[in-house]
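See below for the structure under consideration.
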Amino acid sequence: QPEESLAQQQFFDKLQACMDRLPARTGRVFMMREWLDKDVEEICAELGITANNCGVMLYRARMQLRECLNHTWFGAAP
């Protein structure tokens, strides 16, 4: 399945490029939640932010990543 492996690597390259476009703090919150699987409470304690602020940052990160991937990977209009 080399084609699948190549496609997966290409997707993760695009995802990383989209992640790099996020504001640093927003990207950090997203990484902590989605890749490190930390609870919102842990993220808030570590970064000194409120749960509401964390939720807003996660929402914005997801929307920006979705838009970026739609444009760069899925080929949809921005």
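The values are calculated or read from the model by the stated rules, or taken from the named source; none is laboratory data. Worth saying up front: this structure is predicted, and the values here are computed from it rather than measured. Please note: Cβ atoms are built from the backbone with ideal geometry, for glycine as well, and neighbour counts cover all protein chains shown. Ligands, DNA and RNA are excluded from the accessible area calculation, which covers all protein heavy atoms including side chains. Shrake-Rupley method; radii C 1.70, N 1.55, O 1.52, S 1.80 Å.
Note on Leu6 and Trp73: the extension gain reaches 22.7 nm, defined as 0.36 nm multiplied by sequence separation minus the Cα-Cα distance. Stretched out straight at 0.36 nm per residue, the stretch from Asn53 to Glu34 would grow longer than its current Cα-Cα span by 5.2 nm. How many percent of the accessible area of the chain is carbon or sulfur, using a 1.4 Å probe? C and S atoms contribute 51 percent here.
For the chain, report the translational diffusion coefficient in µm²/s to the nearest whole number, using Stokes-Einstein at 20 °C, 1.002 mPa s, and a Kirkwood Rh over Cα pairs. It diffuses with D of about 159 µm²/s by this estimate.
Computed over protein heavy atoms with a 1.4 Å probe, the accessible surface of the chain works out to 72 Å² per residue. Extension gain for Ala45 to Arg21 (0.36 nm times residue separation, less C-alpha to C-alpha distance): 6.1 nm.
Within the shell of other residues whose beta carbon sits under 15 angstrom from the beta carbon of Gln16, the net charge comes to 0, with Lys and Arg scored +1 and Asp and Glu -1. May I ask which residue of Leu15, Tyr59, Trp35 lies farthest towards the positive end of the charge dipole of the chain, with charges of +1 (Lys, Arg) and -1 (Asp, Glu) on Cβ and the Cα centre as origin? The residue sitting farthest along the positive end of the dipole is Tyr59.
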